[in-house]
Amino acid sequence: MKHYAVLGHPVAHSLSPRIHAAFAKQTGIAMDYTAIDAAPGSFASALTAFAVGGGVGANITLPHKTAALALCHEVSARARRCGAVNTLTRHGNGWSGDNTDGAGLVRDLTGREQHDLRERRTLLLGAGGAAAGIAPALLVRAFATCTSSTVRPNAPTRSPTRSACRAACTRVTGRTSARSAIST
């Protein structure tokens with residue numbers, strides 16, 4: 001049986017374990033999928049313990065997406081571009097990281113919802129790891145502008161995740177000023 005998990009803090013509310021259990025049952029795949037609550041100071045050790053226990057893949061959620069990137073031996077181009085990882089796969093003694101937040105959203109908007117994303121304006125609420133993954137994907141799909149705004153009233157104006165979101169948009173657009181690609 002293969003072992004998978006979602007790591008975050010808090011994570012008890014996650015539906016991922018139930019969704020993956022249903023998927024495994026429907027497809028006949030022998031796997032388990034658990035939720036691991038890892039406080040920010042214990043994320044690396046929680047991930048290591050999961051790997052030692054046979055973990056082969058993980059989804060990463062708040063607040064660990066940027067920390068997960070630093071723990072990867074290999075990183076996909078889109079994860080490197082946005083500076084955040086939400087999917088980890090175990091290869092040998094290390095983790096390979098990817099970010100599927102943006103690709104998943106764009107596929108849903110253009111495929112399932114049939115939206116034409118060319119030359120559109122969008123407001124992206126949030127400035128965390130998911131926003132860092134989503135903003136570049138939206139810009140690549142030819143949005144005219146992408147504005148990111150945090151939804152936390154007491155959030156710092158210059159938070160590390162907001163800076164990562166700006167940097168990701170700058171890398172995608174090739175502009176030297178992140179403000180020309182994204183505003184907060």
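A short reminder: the numbers here are calculations on the coordinates, not readings from a lab. Since the model is a prediction, treat every value here as computed from it, not as a measurement. Neighbour counts are summed over all protein chains in view; Cβ atoms, including those assigned to glycine, are modelled from backbone coordinates with ideal geometry.
For Glu119 and Val52 in the same chain, what is the full-extension length gain: residue separation times 0.36 nm, less their Cα-Cα distance, in nm?
This chain segment gains 19.4 nm when fully extended.
Using Cβ counts within 10 Å as a stand-in for footprinting exposure, how do Glu119, Glu74 rank, fewest first?
Glu119, Glu74
Want the number for Val140 to Met31: 0.36 nm per residue separation, take away the alpha-carbon distance, what's left?
Result: 35.7 nm gained on full extension.
Using a basic spin-label model with each label point 7 Å from the Cα along Cα→Cβ, how many nm lie between Ile19 and Thr89?
If labels sit at Ile19 and Thr89, their model points lie 1.9 nm apart.
Is the C-alpha gyration tensor of the stretch 6-110 telling us rounded, prolate or oblate? Criteria: a/c under 1.5 is rounded; beyond that, a/b larger than b/c is prolate, otherwise oblate.
rounded
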